[in-house]
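Have a look at the structure below, then the notes.
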Amino acid sequence: QVQLVESGGGLVQAGGSLRLSCAASGRTVGLDAMGWFRQAPGKEREFVAGIRWRIGTTDYADSVKGRFTISRDNAKNTVYLQMSSLKPEDTAVYYCATADRQDLRLPDSYTYWGQGSQVTVSS
């Protein structure tokens, strides 16, 4: 079992920045990758960003590329999502998750999920 605890969400004006954190605990040995997804009201959960734990390669959704940065701290078993130039359409509940399959863009590749963190961007 892996437990994921998210923090860092909140309310921000358009153009502002926020950083989300996701701390993993439990059976984290052999962790392959982690990712961030988001879900807005009435919409499906969508991929935001993913990172390979050992080599650090990253992938981003086109909608956030150039504005969001995913990173990890191996020693702390923590993954971060730095969000800049936020737009109202970024408003959603953001979830971190651990992946054990190859395609980081698919929710089915992920096993453990955090509780979600609300991000609200006002115009």
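Odds and ends about this structure:
- Selection status of Val79, under 13 Å from Ser21 (Cα atoms) and in contact with a helix residue (DSSP H, G or I) (Cβ under 7 Å, 6 or more places away or on another chain): no
- The lone exception for Glu89 - which of (1) over 14 Å from Tyr60 (Cα atoms); (2) under 15 Å from the mean Cα position of the chain (by Cα) it fails: (2)
- Matching residues in the range 90-112 - criterion: being of a type outside the set (Ser, Thr, Tyr) and in contact with a Ser or Thr (Cβ under 8 Å, 6 or more places away or on another chain): Val93, Ala97, Ala99, Asp100, Arg101, Gln102, Asp103
- Consider the range 6-21 and keep the residues that are in a strand (DSSP E or B) and in contact with a Phe, Trp or Tyr (Cβ under 8 Å, 6 or more places away or on another chain). The one that is most open to solvent (accessible area, probe 1.4 Å) is Arg19.
- Scanning the range 91-123 for residues that are among the hydrophobic types (A, V, I, L, M, F, W, C), open to solvent by less than 50 Å² (accessible area, probe 1.4 Å), out of contact with any helix residue (DSSP H, G or I) (no Cβ under 6 Å at 6 or more places or on another chain) and in a strand (DSSP E or B) yields a total of 5.
The values are calculated or read from the model by the stated rules, or taken from the named source; none is laboratory data. Here the structure is a predicted model, which means the values were calculated and not measured. Glycine also receives a Cβ, built like all others from the backbone with ideal geometry; neighbour counts cover every protein chain displayed. All accessible areas refer to the heavy atoms of the entire protein, side chains included, with ligands and DNA or RNA removed. Shrake-Rupley method; radii C 1.70, N 1.55, O 1.52, S 1.80 Å.
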